[in-house]
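The values are calculated or read from the model by the stated rules, or taken from the named source; none is laboratory data. This structure is a prediction, so every number in the text was calculated from the model and none was measured. Heads up, the Cβs are rebuilt from the backbone with ideal geometry, glycines too, and the neighbour counts pull from every protein chain shown.
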Amino acid sequence: MGMASINTNISAMTALQSLQQTSKDLLTTQTRISTGLKVASASDNAAYWSIATTMKSDNSALSTVQDALGLGKGTVDVAYNAINQSIDLVGQIKDKLTAAASPGVDRSKIQSEITQLQDQLKGISSSASFSGENWVSVDSSASGYTGTKTIVSSFSRTSDGSVSVGTIQVDTSQSILFDSSTAAGAGGILDSTRGTTGAIDTAGSASVMTIDISKLSDSVTDQATLKSYIAGVDSAFQEMTKAATVLGASQKRINLQTNFVSSLMNTISTGISQLVDADMNEESTRLQALQVKQQLGVQALSIANQSSQNILSLFRG
């Protein structure tokens, strides 16, 4: 039998310590349930908190990359659609010129239709702008201009902690329909003069945009001129088709990268969750157990405090 002392109630002290620890554990569990986190600060688990904080920062950077890819995709889509529609219009101009090759047709009326198509080509190219970027109607002599466009596509961190930003390069030099630069050799697919074979030639007589057949006759010379116009328009058609193919390939790559970044963000979020999120099933079970333990601790402390009163009975007559 242990010694009974009125100065030191060992049972009460033990019960109080146990109750205090239970209350502390209960507070921790309640905090986890209310926040959903088992590691809410560095004091909970310094290593996991540090890793999770870095991963959250990287995920935020990936979100910005996703935005950049969306912006780049929008610009590529606009340029592609402009060229795709322009291909159809150039095809119609070629049809008109082919019809004009027949003897006796009214070429002035055909020219009026061609002029409308030419104006529409110019309108499409000048309005093919997205977020201030126009890849089909440019001024190559402008300060800082480059035909290679850069789209931010990735953010990665190496094992030593250093970070790097990846990019996708899009060559738009083949997609230029109009170039307002007056420098030698400058020009787009539609405003560059072409020779008799249809190839771009600075010494050529006309571009797709300056073709005018209204005054051409059935003479051999004029028929040769008309044939050179048809060859020039057909060459422009082929060049635009190639440009659309290049932009289409860029579209696909951007879409693939966008899907990868989205998947990567989900994977990182899952990893963060494994590190810091609380298991609600486990915490709910622990909460119930601690509440029962707290009630028992209060009862134990009450019983221990009553032992001092029992000492008085020893001195009663």
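Provide a single number: the residues in the range 275-290 that are among the β-branched types (V, I, T) and exposed (fewer than 12 other Cβ atoms within 10 Å of the Cβ).
Going through the range 275-290 one residue at a time, the tally reaches 0.
Among the numbered criteria (1) under 26 Å from the mean Cα position of the chain (by Cα); (2) without any contact (Cβ under 8 Å) to a residue 40 or more places away in the chain; (3) under 14 Å from I189 (Cα atoms), which one does A243 miss?
The number of the failed condition is (2).
Among the residues that make up the range 14-37, is at least one of them assigned to a helix (DSSP H, G or I), of a type in the set (D, E) and either closer than 30 Å to K252 by Cβ or in contact with a Gly (Cβ under 8 Å, 6 or more places away or on another chain) (or both)?
Taking every residue of the range 14-37 in turn, none turns out to be assigned to a helix (DSSP H, G or I), of a type in the set (D, E) and either closer than 30 Å to K252 by Cβ or in contact with a Gly (Cβ under 8 Å, 6 or more places away or on another chain) (or both).
Kindly indicate whether S11 is closer than 30 Å to I303 by Cβ, surrounded by 14 or more Cβ atoms within 10 Å (Cβ to Cβ), in contact with a Gly (Cβ under 9 Å, 6 or more places away or on another chain) and modelled with pLDDT under 85. Reasoning before the result, please.
On the way: closer than 30 Å to I303 by Cβ: yes; surrounded by 14 or more Cβ atoms within 10 Å (Cβ to Cβ): yes; in contact with a Gly (Cβ under 9 Å, 6 or more places away or on another chain): yes; modelled with pLDDT under 85: yes.
Spelling it out, S11 is indeed closer than 30 Å to I303 by Cβ, surrounded by 14 or more Cβ atoms within 10 Å (Cβ to Cβ), in contact with a Gly (Cβ under 9 Å, 6 or more places away or on another chain) and modelled with pLDDT under 85.
Considering only residues that are within 30 Å of T29 (Cα to Cα) and assigned to a helix (DSSP H, G or I), which ones fall in the range 241-277?
Restricting attention to the range 241-277, the residues satisfying the condition of being within 30 Å of T29 (Cα to Cα) are 265-277.
Residues satisfying the conditions are M265, N266, T267, I268, S269, T270, G271, I272, S273, Q274, L275, V276.
I'm trying to understand the selection: among the residues of the range 216-243, which are in contact with a helix residue (DSSP H, G or I) (Cβ under 8 Å, 6 or more places away or on another chain), farther than 29 Å from D77 by Cβ and surrounded by fewer than 21 Cβ atoms within 10 Å (Cβ to Cβ)?
If the condition is that a residue be in contact with a helix residue (DSSP H, G or I) (Cβ under 8 Å, 6 or more places away or on another chain), farther than 29 Å from D77 by Cβ and surrounded by fewer than 21 Cβ atoms within 10 Å (Cβ to Cβ), then L216, L226, I230 are the ones that fit.
Would you mention how many residues in the range 246-274 are more than 28 Å from V136 (Cβ to Cβ) and buried (at least 17 other Cβ atoms within 10 Å of the Cβ)?
The total comes to 3.
Being surrounded by 14 or more Cβ atoms within 10 Å (Cβ to Cβ) and either closer than 21 Å to S154 by Cβ or not acidic (D, E) (or both) is the filter; apply it to the range 43-52 and report the residue that is farthest from the chain's Cα centre (by Cα).
N45
Every residue, every condition in (1) surrounded by fewer than 18 Cβ atoms within 10 Å (Cβ to Cβ); (2) not in a loop (DSSP other than H, G, I, E, B), yes or no:
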{"site": "G123", "(1), (2)": "yes, yes"}
{"site": "S126", "(1), (2)": "yes, yes"}
{"site": "A142", "(1), (2)": "yes, no"}
{"site": "I151", "(1), (2)": "no, yes"}
{"site": "S164", "(1), (2)": "yes, yes"}
{"site": "S173", "(1), (2)": "yes, no"}
{"site": "G187", "(1), (2)": "no, no"}
{"site": "A203", "(1), (2)": "yes, no"}
{"site": "V208", "(1), (2)": "no, no"}
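Would you pick out the residues in the range 192-201 that are closer than 18 Å to D179 by Cβ and surrounded by 15 or more Cβ atoms within 10 Å (Cβ to Cβ)?
S192, T193, R194, I200, listed by residue number.
When you go through (1) aliphatic (A, V, I, L, M); (2) assigned to a helix (DSSP H, G or I); (3) surrounded by 15 or more Cβ atoms within 10 Å (Cβ to Cβ) one by one for A40, which number turns out not to apply?
(2)
For the subset of the range 210-240 comprising residues that are assigned to a loop (DSSP other than H, G, I, E, B) and among the hydrophobic types (A, V, I, L, M, F, W, C), which member is nearest to the chain's Cα centre (by Cα)?
Among those that are assigned to a loop (DSSP other than H, G, I, E, B) and among the hydrophobic types (A, V, I, L, M, F, W, C), it is I211.
Conditions first: (1) within 20 Å of S126 (Cα to Cα); (2) touching a strand residue (DSSP E or B) at 6+ places or on another chain (Cβ under 8 Å); (3) not charged (D, E, K, R). T241 passes all but one, so which condition is the exception?
For T241, the failing item is (2).
In the set A278, A289, A300, which member is at pLDDT below 95, in contact with a strand residue (DSSP E or B) (Cβ under 8 Å, 6 or more places away or on another chain) and among the small types (G, A, S)? Can you show your working first?
On the way: A289 fails: in contact with a strand residue (DSSP E or B) (Cβ under 8 Å, 6 or more places away or on another chain); A300 fails: in contact with a strand residue (DSSP E or B) (Cβ under 8 Å, 6 or more places away or on another chain).
Just a single option satisfies the conditions, and that option is A278.
How many residues does the range 137-196 contain that are farther than 26 Å from D212 by Cα, touching a helix residue (DSSP H, G or I) at 6+ places or on another chain (Cβ under 7 Å) and of a type in the set (A, V, I, L, M, F, W, C)?
Total satisfying the criteria: 5.
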